[in-house]
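The structure appears right after this line, and notes come after that.
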Amino acid sequence: MSAHAVAPLAPLRSLLHLWRRSIQARVVIGTLTLSTVLALLAGWVMLRQITDGVLDSKREAALSQAAAGFAAAQSRLDSAPDIDPLDVGAVLNPLLDLLAPRSEAVDDYGIVALGPASLTGSAAEGGLLEAGLQFDAEASIPQDLLEKVRSTEGSWRAYTSLHPANPDLPTQPALVVGSQIRVPPSVDQTTGRTYALFYMFPLQEQRDTLSVVRSALITTGAVLVLLLGTIAWLVTRQVVTPVRLARSIAERLASGRLEERMHVRGEDDIARLGLSFNQMASSLQSQIRQLEELSRLQRRFVADVSHELRTPLTTVRMAADVLHDARQNFDAATARSAELLQAELDRFELLLSDLLEISRFDAGAAHLDLGDVDVREVVSRVIEASSALAADRGSELTAILPATPCSVEADARRLDRILRNLVVNAINYGEGRGVEIQVASTVEAVAVTVRDNGVGLKPGEATMVFNRFWRADPARARSRGGTGLGLSIAIEDTSLHGGKLEAWGRPGVGSVFRVVLPRRAGGEWGQPPLPLKPLGVDNVAAVGAPYARFSGSSRAR
Ligand code: ADP
């Protein structure tokens, strides 16, 4: 989708964001919506009732006036038997004189009288006379009402638009009431005639009143909705402000500022929330302090013990070396014991040096000896050093190295240690199958993956492998001479560089360990140059030509 198509959605998205993030916005928007719906509903009901009320009273008055008028006209005709029913003027003029509005109320209503004509004919054909308001009777009286009045006895009414005689003026709403009036047969006529009489009552005044009422209702409704929205905003602010304060203090606590506390005022629910929050923070603070102290003591203990063990160990080592060198002079059992002693002392020294290294990390005493290092060279060195072990286990080591240098700012000794650990582990847990070491780089970082096709890792183990002394199979690890500290040291070494060490594995398929180091120690880097999870996990065949098969020394730190 293009940026132009997305742009109009931006306000909607920010509104959605606001809706999701802010309780206050939700309450205010909800109140505004609901109160608008309510105001519209109430306004509509009120307007209907007022309209009915206003129109009803006008209609009642109009109908009774029209009824009286029709009765008066009929009785006038009944009492003048000598009128010629065909003389329209003689019939209607006196009636119009009788019914026409008085001059001071000339705009109140109008009268239209029609002479006898065919029922379907237009008003004018029957002879049309009018009094009162000046309007276009022909256009103003609805045709169906006209026909109804002509054909049926009784009075009929309809709402219509009054067309003023001057076509430039606007039309007005009006009520038309019509009725037949009969002219009795005169002396020389045998049949009478039927005339039609209409009252036109303009409703403009009512319409004006109603439009004033409508705008008053709209204004009141809008003001009410805005007031309700403002009230909702003010009320929620009282609750939301302390909650937001609590949130920011909780965030500061989480970032390690354990002495942060909420400001408590009053005794209401919010104040009690603040009190509970502060109690929780104090309790957490004291527990964290206790744990820190405990952990410090533990670390100190480990560091001290490791140091203290070094001196006797050196003496024991010297004695053991003497015994080991002279083992040809011993009987077989004693010679074997001398060899075992030597091997276990190697392990002991390794464990002790690992423990001392971990203590240095814990004490924050680990420092980087930075230099420009070509990762390809380190990998080659590590492969060479691990080749004897690989040959012993029957594993083939394969390296996929870029043609150009992959230099990073790193501590060469630590980088060597990290990679050696990963490669030795891959050989140890690789079940004698191929191990592939790949190096790749971007402008920001260099990555190394060490992939084996051995026992692999069960779900959850990919993070546990970095825990101190954690081993998937302690008996097996011990028989291979591992201390269970190798990966813990490797991850600390990687973090010191501002890099990342991660693992992926699947039981029976193999494992991948990936180290990503920034080009500049501690620098930023985005995408890792190599994926952690292999693309075709079932295809475990090593990619690329075998780098070399080596023989030589095993793991060294
Ligand atoms: P160790 O000295 O036991 O190798 P590490 O810290 O190097 O200690 O490794 C911890 C544990 O992680 C090992 O005991 C093993 O269970 C597991 N592990 C390490 N590397 C691999 C690997 N490549 N494949 C499977 N499991 C591994």
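FYI, it's all coordinate maths here, none of it is from the lab. This structure is a prediction, so every number in the text was calculated from the model and none was measured. Counting neighbours? That spans all protein chains shown, and the Cβs are built from the backbone with ideal geometry, glycine included.
Couple of notes before you dig in:
- Counting only residues at least eight positions apart within a chain, or on another chain, the aspartates and glutamates with an alpha carbon under 20 Å from that of K58 are E104, D107, D108, E205, D208.
- Electrostatic bookkeeping for E444 treats Lys and Arg as +1 and Asp and Glu as -1; over the other residues with beta carbon under 13 Å from its beta carbon, the sum is +1.
- Estimated dipole of the chain in Debye, rounded to 20 [Cβ of Lys and Arg +1, of Asp and Glu -1, Cα centre]: 3180 debye
- Rg over Rh for the chain works out to 1.49, using Cα positions for both radii and the Kirkwood form for Rh.
- Partner aspartates and glutamates for K458 [C-alpha distance under 17 Å; skip if fewer than 8 residues away on the same chain]: E431, D473, E502, D538
- Across q = 0.20, 0.22 Å⁻¹, the stretch 269-361 modelled as identical point scatterers on its alpha-carbon atoms has Debye log10 I(q)/I(0) values of -0.94, -1.02, in the order of the q list.
- Subtracting the Cα-Cα distance of T209 and R13 from 0.36 nm times their residue separation leaves 66.2 nm of extension gain.
- Shape category assigned to the stretch 357-481 from the gyration tensor of Cα positions, a/c cut at 1.5: oblate
- Toward the positive end of the charge dipole of the chain, with +1 on the Cβ of Lys and Arg and -1 on the Cβ of Asp and Glu, the farthest Cα among G460, F70, P242 is that of G460.
- The angle between the Cα long axis of helix 88-99 and the main principal axis of the chain comes to about 70°, on a 0 to 90 degree scale.
- Stretchable slack from A335 to E292, in nm (0.36 nm times residue separation minus alpha-carbon distance): 10.7 nm
- Computed label-point distance, nm, for sites L38 and H263 using a 7 Å Cα→Cβ extension: 3.5 nm
- Mean ellipticity per residue at 222 nm, deg cm²/dmol - from DSSP H runs of n ≥ 4 across the chain, formula -39500 (n - 2.57): -18000 deg cm²/dmol
- For the chain, the longest principal axis of the Cα atoms and the long axis of helix 10-21 meet at an angle of about 70 degrees.
- Shape of the stretch 458-533 from the C-alpha gyration tensor: oblate (a/c of 1.5 or more and a/b not above b/c, with a ≥ b ≥ c the square roots of its eigenvalues).
- Placing a pseudo-label 7 Å from each Cα along the Cα-to-Cβ vector at F469 and R347 gives an inter-label distance of 1.5 nm.
- Residues in the stretch 248-267 reached by a label modelled at Q285 [backbone nitrogen below 11 Å; 7 Å Cα→Cβ]: 253, 257-262
- Residue (of S283, G434, G498) at the positive-pole extreme of the chain, dipole from beta-carbon charges: G434
- The alpha-carbon of K500 sits under 19 angstrom from the alpha-carbons of these lysines, leaving out residues fewer than 8 places away in its chain: K533.
- Taking Cα centre as origin and charging only the Cβ of basic (Lys, Arg, +1) and acidic (Asp, Glu, -1) residues, the dipole magnitude of the stretch 269-361 rounds to 400 debye.
- Most to least packed among 9-15, 338-344 [average Cβ atoms within 10 Å]: 338-344, 9-15
- Separation in nanometres of the label points that stand 7 Å from Cα toward Cβ, at A158 and R21: 6.3 nm
- H367/A246 FRET efficiency (R0 35 Å; Cβ-Cβ; nearest 0.05): 0.30
- Rg over Rh for the stretch 278-430 works out to 1.11, using Cα positions for both radii and the Kirkwood form for Rh.
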